[in-house]
1. Return yes or no: is B:Ser440 hydroxyl-bearing (Ser, Thr, Tyr), open to solvent by less than 20 Å² (accessible area, probe 1.4 Å) and closer than 30 Å to B:Asp247 by Cα?
2. Kindly indicate which of B:Ala317, B:Ala295 is buried (at least 18 other Cβ atoms within 10 Å of the Cβ), more than 13 Å from every other protein chain (Cβ to nearest Cβ) and in a helix (DSSP H, G or I).
3. Considering the range A:42-62 alone, what residues qualify as being surrounded by fewer than 17 Cβ atoms within 10 Å (Cβ to Cβ) and closer than 18 Å to A:Arg82 by Cβ?
4. Filter the range B:27-44 down to the residues that are touching a residue at least 60 places away in the same chain (Cβ under 8 Å) and not hydroxyl-bearing (Ser, Thr, Tyr), then identify the one that is most open to solvent (accessible area, probe 1.4 Å).
5. For B:Asp287, which of the numbered conditions (1) at pLDDT 80 or above; (2) facing another protein chain (nearest Cβ under 10 Å) fails to hold?
6. Would a scan of the range A:64-72 turn up a residue that is in contact with a Leu (Cβ under 6 Å, 6 or more places away or on another chain), within 30 Å of B:Thr292 (Cβ to Cβ), part of a strand (DSSP E or B) and more than 14 Å from every other protein chain (Cβ to nearest Cβ)?
7. Does B:Arg405 satisfy the criteria of being farther than 26 Å from A:Glu192 by Cα and more than 14 Å from chain A (Cβ to nearest Cβ)?
8. Quick one: in the range B:344-394, which of the residues that are within 14 Å of chain A (Cβ to nearest Cβ) and of a type in the set (Lys, Arg) is nearest to B:Ala432 (Cα to Cα)?
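The values are calculated or read from the model by the stated rules, or taken from the named source; none is laboratory data. Note that the structure is a prediction, hence the values are computed from the model and not measured. Cβ placement follows ideal geometry from the backbone for every residue including glycine, while neighbour counts extend to all protein chains displayed. Only protein heavy atoms, including side chains, enter the accessible area calculation; ligands, DNA and RNA are left aside. Shrake-Rupley method; radii C 1.70, N 1.55, O 1.52, S 1.80 Å.
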Amino acid sequence: MGVQAAQRCVQGANEMRILVIEDDASVQEYIVRGLRESGFTVDQACDGKQGLLRASTEDYDALVVDRMLPGMDGLSIIRTLRGADNHTPALILSALGEVDDRVKGLKAGGDDYLVKPFAFAELLARIEVLLRRKDASSAVTRLRVADLEMDLLSHKVVRAGRALNLQPREFRLLEYLMKHAGQVVTRTMLLENVWDYHFDPQTNVIDVHISRLRQKLDKEFDRPLLKTVRGAGYMLDEPEPDPAR
Amino acid sequence: MNPSRILHAETFRYAVLYLTGVSLAVFVVLAIGYGWVTFGYFRDLNALIGAEQEALARVQAEGGRSATAAAIGERVQAAGVPRLFYLLVDAEGGKVAGNLSRWPERIGEGKEWVGLEHALEEVTGAPAAIDFIGSGRHFDDGSRLLVARHYKDISEFLRLALTVLLQAMLATIIVGAIGAALLSMRLKRLISEVNDSIATILAGDLSQRIPVLEDNRDDDFRRLIVNFNHMLDRIGQLMANLQQLSDNIAHDLRTPLTRLRNRIARLEFDDREARGEAVAGMLQESDDLLATFNALLRIAQIEAGGARSGFAPTDIALIVRDVCEFYEPLAAEKHQTVCIDLPPACPGVFDRDLLFQACANLLDNAIKYAPRDGHIEVTMRCAPETVELEFADDGPGIPPAERERVFERFYRVEASRSGYPGNGLGLSLVRAVGNLHGGSIELGDNAPGLRVVMRLPRQPARGELTSAAAAPAR
């Protein structure tokens with residue numbers, strides 16, 4: 001379900017190439033198979049040196065790099081690539097998973113950080129955000145999804161000509177969802193980017209926030225924009241599933 | 001115990017080494033004493049001979065050779081047993097006076113002192129072993145004076161002393177060696193008892209303790225054993241905790257895993273629609289499991305104390321305000337009022353993510369356990385050194401007997417096991433975060449409800465901020 005929904009939004013991205021550098025065969029298998037099923041072209045490397053070689057000689061759209069690797073660790077690979085002016089977005093995988101390591105990983109030039117064990121939907125959602133980030137470089141002041149419009153300067157949100165009255169946090173939540181329209185956004189991604197905290201909510205608080213937003217966003221309209229992707233997170237998207245997309 | 005084992009025993013070797021060292025030291029001290037006594041004796045002897053010569057030289061100067069000869073004659077007569085020997089010879093070497101018969105050949109000129117053993121032996125006819133010391137002197141008229149003294153008494157004394165010394169040392173070494181062997185045997189026995197006990201304990205019987213010796217002396221060895229036993233107690237306690245923990249983990253994870261397994265097993269009998277539902281449920285179940293695992297790992301990492309680089313200057317009031325804002329919708333859903341009393345700012349050095357997590361867990365609990373339409377109070381008192389955070393609810397509270405246990409992983413108050421969701425890790429994490437910050441957590445009664453007070457120092461106690469200060473504030 002979650003994977004299917006996510007898959008849909010990357011159709012047409014078949015040309016996207018991803019390199020997975022991971023030494024644990026079963027984790028690699030899990031990631032590679034999942035990514036291939038989601039429509040990516042995936043290459044793999046199982047040690048640090050081989051990974052660096054492939055990453056620096058071939059052209060990839062994103063890298064998934066394990067933190068601990070034989071030969072050369074993941075952070076060194078990314079540091080080396082960044083030193084050579086290679087800015088392929090890189091997602092670091094780690095079994096360590098504390099704030100410490102996240103900071104180190106991001107400092108080394110990683111673009112995102114995911115802690116094992118993780119749900120595949122989480123990985124996929126984050127990779128898609130990384131891929132999108134690559135081409136969305138210019139500064140935007142207006143966001144638009146279907147009949148929903150957001151002005152980032154005046155902080156005004158209008159749907160079908162009707163102004164929506166959002167709290168500051170709801171505004172940021174919607175802004176993030178709109179910036180990643182058509183992509184699955186997980187709960188932890190929302191926490192990290194909207195609330196700016198890295199933590200683990202024990203309850204469904206995010207869902208409550210989302211349902212509040214949904215009240216304002218979709219309640220008085222026929223076609224809901226904000227969808228729940230079960231087992232993964234949320235997605236703001238054009239209301240009607242468009243088979244041509 | 002067989003002798004070769006004694007000889008190889010470490011204690012025996014130490015004892016022998018020590019004994020050798022002491023013997024050497026004693027020998028050196030005694031040798032110096034011997035030298036000192038000898039030197040003193042001869043110095044006095046020489047002074048005596050010198051003084052006698054001086055006296056006779058004055059007689060010579062006043063009354064000439066005959067007066068000297070008379071004086072020598074008097075002295076020889078006076079000393080029954082000759083203490084001093086005299087010989088006065090004329091320029092040709094003929095004896096003028098004295099109790100020696102002939103001028104010894106080996107005596108030199110001037111005032112030098114000489115050993116006269118052989119010469120005096122022949123002149124006195126005394127046994128060969130008698131030792132003499134003497135001094136010759138030339139007078140202006142060509143006559144020569146010899147004054148000498150035997151030192152048989154002192155050399156005999158010294159010889160005796162040397163013999164006694166060597167025998168005593170020999171005895172010391174023998175007695176010492178026996179003592180060392182005995183000591184070594186005793187220590188060996190003690191140590192092998194301890195070793196045997198340790199071996200048994202290592203083999204798996206952690207309930208064993210090393211027997212403390214009967215005699216009630218409070219020596220180091222006894223203390224060692226007592227401390228070792230305490231260490232075993234502590235290890236046993238930790239192992240029991242670990243056992244309890246792994247039991248809890250196994251129990252708490254088995255339930256959802258079993259549920260998951262059963263759902264999968266049922267899957268093939270479901271029709272298409274029910275299957276969709278089931279898969280969604282299973283995904284949720286796996287996510288919950290992952291969340292539990294992540295929480296466990298996180299607590300373990302925080303407790304290991306490795307996660308220090310998250311510390312950075314930050315405003316704890318802002319963190320708590322964010323937590324309250326984050327949970328506000330949840331409280332609103334239950335129509336609970338949340339009273340927030342925070343200072344405008346309370347800067348300090350904290351790990352903001354972990355504090356957010358800890359406060360989130362506390363507020364989450366408060367919202368969970370406070371009744372519908374209940375009241376929750378979040379209060380912060382910012383003192384110069386510390387900050388005190390209080391979360392109070394009007395829920396069922398925690399009975400005093402269980403207030404310590406709720407911090408254990410997976411421990412849940414029995415009443416809440418059924419009625420409320422949760423994995424029993426929330427407070428473990430709060431405590432771990434509090435400890436990491438060098439703070440304390442206290443559970444109290446809010447009459448009714450639970451009052452949690454968390455006290456944190458605003459600056460970390462130890463200087464572990466070097467790397468964190470350089471990290472950008474996220």
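1. no
2. Only one candidate qualifies: B:Ala317.
3. If the condition is that a residue be surrounded by fewer than 17 Cβ atoms within 10 Å (Cβ to Cβ) and closer than 18 Å to A:Arg82 by Cβ, then A:Lys49, A:Leu53, A:Arg54, A:Ser56, A:Thr57, A:Glu58, A:Asp59 are the ones that fit.
4. That would be B:Phe27.
5. Here B:Asp287 clears every test but (1).
6. Yes - at least one qualifying residue is present in the range A:64-72.
7. Judged against the criteria, B:Arg405 is a match.
8. B:Arg352
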